[in-house]
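One structure below.
The values are calculated or read from the model by the stated rules, or taken from the named source; none is laboratory data. Since we're looking at a predicted model, the values are computed, not measured. Using ideal geometry, Cβ is built from the backbone for each residue, glycine included, and neighbour counts are taken over all protein chains shown.
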Amino acid sequence: MTSERIYVGSYTTQAGGGTGIAFGPLGELTEAAATVDPSFLTRSADGRFLYSTNEGEAGRVSAFAIQPDGSLEFLNDQSTGGSGPCHLVVDPTGSFLLSANYGSGSVAIHPIAADGSLGDATQILQRVGNTGPNVERQEGSHAHQVTFDPAGAYAFDVDLGTDSVFVSTLTPAGRLEAVDLLEVHPGAGPRHLVFHPGSGAAYVINELDSTVSVCSYSEGKLAVVQTVSTRPDGAEGDNFPAEVLVSADGRFVYGSNRGDDSIAVFTTGADGLQVELIQTIGSGGTWPRHLALSNDGSQLYAANERSDSIAVFTVDQAGGVLTATGTPLTWPKPVCVLPVG
């Protein structure tokens, strides 16, 4: 069992759900803060503050001060101006918190004060666009992630409902200004995006057709150069990929499969612009919503929402493949793991 300390976000309003955010080594988790449906977590760059979504119909984001023992002191919360906020990120300057409202298809931006608390939103940006062909899931815009490129120059919000990735700059006043748009293939349902550390490539995991779109990247412009399945040949049944990660050296990409309940492992080419599926391994539970690499890259965590479990895998540093370690930890409705060392 890993001794690295982690924060865990979970669903609290589901039957059998937890009470909020947990903290500690994996085998010694305790409640750090009670809050409603903290489905995604992020920290400030200086490690002093933690921010959480509150993924409800009336969405909110919460700010906490991290105490020396890892417990969390609630600072305040703010409305996201939409429904179902499922992802958030602190901008590279540390001035703003950006969150993605899945239900309403909008992006909210809140200023961060010196004490870590959140101010009133500077912008609630409602996304619109052509809807995708999946009539049940793509009837409108559904923002699922907001992130930045490695240089911190551009913001990207990934929209499952419109098969799009919107590219913007963030102004000093806390507003997104459009720069470009990546149109992923129809029916893909893009969910999350991660950049290769070399900055010349990015990987978009697509929830609705179980694929990864490999993209070239330069100065705010993405272009799809390869599309590969997250499943081995012959896989059958419904499957909905969730998280995508890249190793610190850029040699390996990891994606979670909900349905197959597996983790897909890809190798990348020298420039990151081509990937090959080399392994699929059971996620250690059911419905792996989130994956996270340990700070040293030697382990991978899988938060299995529907089996109330967090599994740990060792990462082969030479070949990237995963090996399950020990028995998964039981924890109610885990949906986000944030390693802190």
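Considering only the stretch 150-199, state which residues are out of contact with any Phe, Trp or Tyr (no Cβ under 6 Å at 6 or more places or on another chain) and charged (D, E, K, R). D159, D163, R175, E177, D180, E183, R191 - these are the residues of the stretch 150-199 that are out of contact with any Phe, Trp or Tyr (no Cβ under 6 Å at 6 or more places or on another chain) and charged (D, E, K, R). In the set (1) in contact with a Cys (Cβ under 6 Å, 6 or more places away or on another chain); (2) outside any strand (DSSP E or B); (3) of a type outside the set (D, E, K, R), the condition left unmet by V224 is number (2).
Listed here are the residues, each with its yes/no results for (1) closer than 16 Å to I263 by Cα; (2) in contact (Cβ under 8 Å) with a residue 60 or more places away in the chain; (3) in contact with a helix residue (DSSP H, G or I) (Cβ under 8 Å, 6 or more places away or on another chain); (4) small (G, A, S).
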position	(1), (2), (3), (4)
H185	no, no, no, no
F195	no, no, no, no
G200	no, yes, no, yes
Y203	yes, yes, no, no
V225	no, no, no, no
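When the residues of the stretch 297-313 are filtered to those that are within 20 Å of W287 (Cα to Cα) and hydroxyl-bearing (S, T, Y), the one that is surrounded by the most Cβ atoms within 10 Å (Cβ to Cβ) is Y301.
Just the residues that are part of a strand (DSSP E or B) and more than 14 Å from G189 (Cα to Cα), please, taken from the stretch 201-221. Steps first, answer last, please.
Our first condition is that a residue be part of a strand (DSSP E or B); within the stretch 201-221, this holds for 201-206, 211-218, 221.
Selection gives A201, A202, V214, C215, S216, Y217, S218, K221.
Applying the set (1) over 30 Å from T268 (Cα atoms); (2) at pLDDT 95 or above; (3) exposed (fewer than 14 other Cβ atoms within 10 Å of the Cβ) to G152 leaves exactly one unmet item: (1).
Meeting the requirement of 3 or more residues that are in contact (Cβ under 8 Å) with a residue 12 or more places away in the chain and in contact with an Asp or Glu (Cβ under 6 Å, 6 or more places away or on another chain), the strands (runs of 3 or more DSSP E) wholly within the stretch 1-98 are 60-66. Where in the stretch 105-189 are there strands (runs of 3 or more DSSP E), lying wholly inside it, with at least 1 residues that are of a type in the set (D, E)? Here the list reads 155-159, 176-183. For beta carbons closer than 9 Å, sequence separation of 6+ or different chains, a first residue in the stretch 164-178 that is touching a residue at least 60 places away in the same chain (Cβ under 8 Å) and surrounded by 10 or more Cβ atoms within 10 Å (Cβ to Cβ) and a second that is among the acidic types (D, E) and in a strand (DSSP E or B), the qualifying pairs are L170/E177; L176/D157. Of all residue pairs spaced 6 or more apart or on separate chains, those with beta-carbon atoms under 6 Å, a first member in the stretch 323-341 that is farther than 16 Å from D308 by Cβ and a second member that is modelled with pLDDT under 95 and part of a loop (DSSP other than H, G, I, E, B) are G326/M1.
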